[in-house]
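Asks: Sharing a structure here in structure tokens format.
The values are calculated or read from the model by the stated rules, or taken from the named source; none is laboratory data. Just so you know, these numbers come straight off a predicted model, no measurement behind them. Neighbour counts are summed over all protein chains in view; Cβ atoms, including those assigned to glycine, are modelled from backbone coordinates with ideal geometry. Protein only, heavy atoms only, side chains kept; ligands, DNA and RNA dropped before computing areas. Shrake-Rupley method; radii C 1.70, N 1.55, O 1.52, S 1.80 Å.
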Amino acid sequence: MFITAKGTFEITMQAPPSGEGAGRVSLGRMLIDKYYSGDLIGIGQGEMLSAGNPAAGSAGYVAIEHVTGTLDGMSGSFALQHAGTMHQGASHLSISIVPGSGTEGLTGIQGKFKLDIVDSKHYYELEYTMDLV
């Protein structure tokens, strides 16, 4: 049985320190910091890699985010794996809880994370279940 947690989050992204990756293929790389509120209260930190030409409407990204906080009264952490593409106005985004990444009260968590942006505000919906360990 899946449980649905909902809320909002704020995100800041910044480039990594200069000089990292010099001489390599040009990939976009950003550090991610998120602040969750609602049924999930906590922080997310991660890194994103991207490629393509977003100005022309085609690009892709992958990211790993580590979330620490309280979800529906259970404290702990888990990781999210992001994969997204966009091409000619169509986009696809998949965000999943990394299997086996849950700690403390969130040990055994698995599920999917959905996000929506409305009027520049970020909303999430996390559908999850807990394995008995």
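Asks: Within the bounds of region 45-54, is there any residue that is outside any strand (DSSP E or B) and modelled with pLDDT of 95 or more?
Replies: No, the conditions are met nowhere in region 45-54.
Asks: For the list (1) within 19 Å of Leu49 (Cα to Cα); (2) of a type outside the set (Lys, Arg); (3) modelled with pLDDT under 95, I need the number of the one condition that His66 fails.
Replies: Every listed condition holds for His66 apart from (3).
Asks: I would also like to ask the following. What number of residues within region 31-60 satisfy the criterion of being among the hydrophobic types (A, V, I, L, M, F, W, C), open to solvent by 50 Å² or more (accessible area, probe 1.4 Å) and either closer than 14 Å to Tyr128 by Cβ or without any contact (Cβ under 8 Å) to a residue 24 or more places away in the chain (or both)?
Replies: Counting residues in region 31-60 that are among the hydrophobic types (A, V, I, L, M, F, W, C), open to solvent by 50 Å² or more (accessible area, probe 1.4 Å) and either closer than 14 Å to Tyr128 by Cβ or without any contact (Cβ under 8 Å) to a residue 24 or more places away in the chain (or both) gives 3.
Asks: Let me ask something else. Output the number of residues of region 97-133 satisfying the condition of being part of a strand (DSSP E or B) and either open to solvent by 60 Å² or more (accessible area, probe 1.4 Å) or in contact with a Phe, Trp or Tyr (Cβ under 7 Å, 6 or more places away or on another chain) (or both). Outline the logic, then answer.
Replies: Of all residues in region 97-133, those part of a strand (DSSP E or B) come to 97, 109-118, 121-130.
Now drop any that are not either open to solvent by 60 Å² or more (accessible area, probe 1.4 Å) or in contact with a Phe, Trp or Tyr (Cβ under 7 Å, 6 or more places away or on another chain) (or both), which leaves 97, 109-118, 121-124, 126-129.
So the count comes out to 19.
Let's see how each residue does on (1) more than 23 Å from Gln14 (Cβ to Cβ); (2) open to solvent by 60 Å² or more (accessible area, probe 1.4 Å); (3) in contact with a His (Cβ under 8 Å, 6 or more places away or on another chain); (4) in a strand (DSSP E or B):
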| residue | (1), (2), (3), (4) |
| --- | --- |
| Val62 | no, yes, yes, yes |
| Ala83 | no, no, no, yes |
| Met86 | no, yes, yes, yes |
| Ile95 | no, no, yes, yes |
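Asks: Okay, next question. Consider Gln88 against the criteria (1) modelled with pLDDT under 95; (2) farther than 23 Å from Val62 by Cβ; (3) of a type outside the set (Gly, Ala, Ser): it satisfies all of them except one. Which criterion is unmet?
Replies: Going through (1) modelled with pLDDT under 95; (2) farther than 23 Å from Val62 by Cβ; (3) of a type outside the set (Gly, Ala, Ser) one by one, Gln88 breaks only (2).
Asks: Moving on. What number goes with the only condition from (1) in contact with an Asp or Glu (Cβ under 8 Å, 6 or more places away or on another chain); (2) open to solvent by less than 50 Å² (accessible area, probe 1.4 Å) that Phe78 does not pass?
Replies: It fails just one condition, (1).
Asks: Scan region 64-81 residue by residue and report those that are of a type outside the set (Ser, Thr, Tyr), in a strand (DSSP E or B) and out of contact with any strand residue (DSSP E or B) (no Cβ under 6 Å at 6 or more places or on another chain). Before you say what the answer is, go through the steps one by one.
Replies: Pass one, region 64-81, residues of a type outside the set (Ser, Thr, Tyr): 64-67, 69, 71-74, 76, 78-81.
Applying the additional criterion that residues be in a strand (DSSP E or B) yields 64-67, 69, 71, 74, 76, 78-81.
Those that are of a type outside the set (Ser, Thr, Tyr), in a strand (DSSP E or B) and out of contact with any strand residue (DSSP E or B) (no Cβ under 6 Å at 6 or more places or on another chain): Met74, Gly76.
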